[in-house]
Amino acid sequence: MNFDLNKKKLREVNNYLQNIDRKDNKRKFELSNPQGQHAICVGLKDEIDVTIKGHTGYYCAGMNQKANITVHGNVGTGVAENMMSGKVIIKGNASQSAGATGNGGTLIIEGDASSRCGISMKGINILVKGSVGHMSAFMAQKGNLIVFGDADSDLGDSIYEAKIFVKGKVKSLGADCVEKKMDEKNINELNKIFKELNISEDPKKFKRYGSARKLYHFKIDNLSSY
Amino acid sequence: MKKDLKEFKTFPSSVIKEIHRAANEGIYKIRGLGAKRKVPDFDDLVFLGASMSRYPLEGYREKCNTSVILGDRFAKKPIKLDIPITIAGMSFGALGANAKEALGRGASAMGTSTTTGDGGMTKEERSSSKYLIYQLLPSRYGMNPEDLRKADAIEVVVGQGAKPGGGGMLLGQKINKRVAAMRTLPEGIDQRSACRHPDWTGPDDLEIKIQELREITNWEKPIYVKVGAARPYYDTTLAIKAGADVVVLDGMQGGTAATQDVFIEHVGIPTLGALRESVDALKELNMHRKVQLIISGGIRTGADVAKALAMGADAVSIGSAAMMALNCNADLYREDYEKLGTEPGFCHHCHTGKCPVGVATQDPVLEKRLNPVDGGKRLKNYLSTLTLELQTLARANGKSDVRNLEPEDLAALTVEAAAMARVPLAGTDWIPGFKKY
Ligand SMILES: Cc1cc2nc3c(=O)[nH]c(=O)nc-3n(C[C@H](O)[C@H](O)[C@H](O)COP(=O)(O)O)c2cc1C
Ligand code: SF4
């Protein structure tokens, strides 16, 4: 089923996709002419496939549950913000705060992602085939940020229990973020993620970063970090 | 020999004590509740009452409406509250589950709303609250679309009066299993909540964020924007521009669960002046009563509520006082206050998790001291007292609806209050700093 966003209001399209008739067999949808509109495909909650042909504005696929959403274009700020489950694939580049506070599911960005990618992430897996901007994984709590390219400055600042994997160069690490050993368990974890997503890539080429856990309790000795 | 005990005005004993403490500990003080210093407040205003030109209403005969509709600017389902007194957002984590349930019970019994907080929505508060406002905070702890859809309204929190510009803090001692799980963090570690939202900055972004929230919830739910009293004139203007249905403004006296003392006492402006600024903004944009204004920060009595409404608020919100209705600072379990180094009436130790009366704690033994049903009844009684006091004052000023109270019903007792509230100093027609033409 096709929706042309030039002809149909976004409210109507979102409303349709948010309230899928479960008896109906229609499970595949295509949206054309998104023209950078904001809040496209937010709050979806069923196992459906949506393909968006073109660029989207802010918060595309925000708070997604279960849906598979593919964008053939670039996306604005906060793509898949607070996603709970499902899969979101971006064929182009993503602006800032991609996957912010995501709780679950998978976000794949085939191009680059700008600053604060994975900020405050809470369990989501984010794969960026290109590079990520500064302050990515800031205060990241849980989940995996996997970067195939490089990471800009202050990666993983004030990170909690999320894991960061980077194949390329890291310009600098943020407060309390350190390089950690890439052990067998981590390699298997990455392998599993790649396998499920049909990605052929060698986990051994990645370095792992995570929390030094020195800021977990407020201590006067850490004053310079606050 | 007679002692020479002339105190230093610059270094009174309280200041010397604090310098000693700082020199020993090397770190600032963290505490709960609101500012302890005296600032101009609603006590500095009085109502004029009825006179030859204003007729009072009969106390027990003539009706005085207290209901208020919130969120009818854009939302398909605005909220109709029976009283203009709401319960402010207080996080589960800062407060125990019993306290959250008690707040829900008390508020619902009076036909008003309660609010979630940093840490998400608990099922106890959802099921006990007739109207529940769901906060969207920078941390997004516990945020999920299911709860968003279960809420009656959504409150985007930009700031809080106790700490405009500050993030949250929940010390490790309060992080038990349930709190940790709701926040997706390890048990027992100090939790910082971010001070800025992760996916928007500035009013233009906020407008888009609000659009997203409306799209997710079918444009049904009122969207509130909560700001601390920093620059209320501009913040109100920008919140309206961003598409808020309701503005929540929290003055510097507003309570907190845990913040640096220096932040609580030295950042933000008093509720009185903040309210005036915000109402100015609403009126200039011709949005007064179209976008509703909820004011909070140090509301204690029906007189405070009445004066806030007279100055132009549509409703008030209470935090500290609601906790007190649940027995915060009550003269019970004295020995436990002693252990905290305080006494009933002086306690501000919410940050420790060792609340003597079971309100601000996650300790199962302490929490049992607050029965949610009894707590709910006490809150209901308290809200009912505030409402009766509010109606008494409204009738005395000849108003059949509490929102007909107006600045012309007020006089100020101090020059400061006259200037901040922009009402004349009692016995004069003088409003400092205000030129009529
Ligand atoms: C224990 C406690 C916890 C609070 N938690 C939150 C919170 O999670 N989110 C928020 O916006 N405000 C929070 N506040 C501030 C209140 O929502 C409200 O702005 C303030 O309490 C109003 O001032 P009052 O305490 O003088 O009534 C908290 C306040 C207290 C006392
Ligand atoms: S009595 Fe409890 S709720 Fe009240 S200030 Fe003390 S710790 Fe906080």
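Some points to look at:
- Only one of the numbered conditions (1) open to solvent by 20 Å² or more (accessible area, probe 1.4 Å); (2) polar (S, T, N, Q); (3) in contact with a helix residue (DSSP H, G or I) (Cβ under 7 Å, 6 or more places away or on another chain) is not met by A:N93, and that is (3).
- Residue selected from the stretch B:350-375 under the condition away from chain A (no Cβ under 14 Å) and within 12 Å of ligand 1 (Cβ to nearest atom), by the criterion surrounded by the fewest Cβ atoms within 10 Å (Cβ to Cβ): B:G353
- Restricting attention to the stretch B:225-239, the residues that are open to solvent by 10 Å² or more (accessible area, probe 1.4 Å) and outside any strand (DSSP E or B) total 7.
- Selection count, the stretch B:149-199, where residues are of a type in the set (V, I, T), in contact with a Phe, Trp or Tyr (Cβ under 8 Å, 6 or more places away or on another chain) and more than 10 Å from chain A (Cβ to nearest Cβ): 3
- Annotation: B:D304 fulfils all but one of (1) within 15 Å of ligand 1 (Cβ to nearest atom); (2) farther than 20 Å from B:L413 by Cβ; (3) in contact with a strand residue (DSSP E or B) (Cβ under 8 Å, 6 or more places away or on another chain); the unmet one is (2).
- Among the residues making up the stretch B:18-36, those that are open to solvent by 70 Å² or more (accessible area, probe 1.4 Å) and either at pLDDT below 95 or not basic (K, R) (or both) are B:I19, B:H20, B:A23, B:N24, B:E25, B:Y28, B:K29.
Here is a yes/no grid of residues against (1) within 16 Å of ligand 2 (Cβ to nearest atom); (2) buried (at least 19 other Cβ atoms within 10 Å of the Cβ):
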{"residue": "B:V262", "(1), (2)": "no, no"}
{"residue": "B:G273", "(1), (2)": "no, yes"}
{"residue": "B:V279", "(1), (2)": "no, yes"}
{"residue": "B:I294", "(1), (2)": "no, yes"}
{"residue": "B:A322", "(1), (2)": "yes, yes"}
{"residue": "B:N329", "(1), (2)": "yes, yes"}
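- Condition check for B:C347: near ligand 2 (Cβ under 9 Å from one of its atoms), surrounded by fewer than 24 Cβ atoms within 10 Å (Cβ to Cβ) and either under 21 Å from the mean Cα position of the chain (by Cα) or away from every other protein chain (no Cβ under 14 Å) (or both): yes
- Qualifying residue in the stretch B:132-140 (condition: without any contact (Cβ under 8 Å) to a residue 12 or more places away in the chain, more than 17 Å from B:P198 (Cα to Cα) and either away from ligand 2 (no atom under 16 Å from the Cβ) or within 8 Å of chain A (Cβ to nearest Cβ) (or both)): no
- Listed by first and then second residue, the pairs linking a residue in the stretch B:348-359 that is closer than 12 Å to B:G96 by Cα to a residue that is part of a helix (DSSP H, G or I) and within 6 Å of ligand 2 (Cβ to nearest atom), with Cβ atoms under 9 Å apart and 6 or more places separating them unless they lie on different chains, are B:C350/B:M323; B:V359/B:M323; B:V359/B:C350.
- The residues in the stretch B:172-193 that are of a type in the set (A, V, I, L, M, F, W, C), more than 23 Å from B:N98 (Cβ to Cβ) and open to solvent by 20 Å² or more (accessible area, probe 1.4 Å) can be counted, and the count is 0.
- Cross-chain or 6+ apart pairs with Cβ under 6 Å, the stretch B:374-403 first and closer than 20 Å to B:N327 by Cα, then open to solvent by 40 Å² or more (accessible area, probe 1.4 Å): B:G376/B:R105; B:K380/B:A109
- If only residues of the stretch A:125-163 that are assigned to a loop (DSSP other than H, G, I, E, B) and aliphatic (A, V, I, L, M) are counted, the one that is nearest to the other protein chains (Cβ to nearest Cβ) is A:M139.
- Leading residue by the ranking (least open to solvent (accessible area, probe 1.4 Å)) among those in the stretch A:35-67 that are of a type outside the set (V, I, T) and more than 14 Å from chain B (Cβ to nearest Cβ): A:G54
- Candidates B:T86, B:T116, filtered to the one that is within 11 Å of ligand 1 (Cβ to nearest atom), polar (S, T, N, Q) and under 15 Å from B:G255 (Cβ atoms): B:T86
The values are calculated or read from the model by the stated rules, or taken from the named source; none is laboratory data. Because the structure is a prediction, the values reported are computed rather than measured. Using ideal geometry, Cβ is built from the backbone for each residue, glycine included, and neighbour counts are taken over all protein chains shown. Just so you know, the surface numbers come from the protein's heavy atoms only, side chains and all, with ligands and any DNA or RNA stripped out. Shrake-Rupley method; radii C 1.70, N 1.55, O 1.52, S 1.80 Å.
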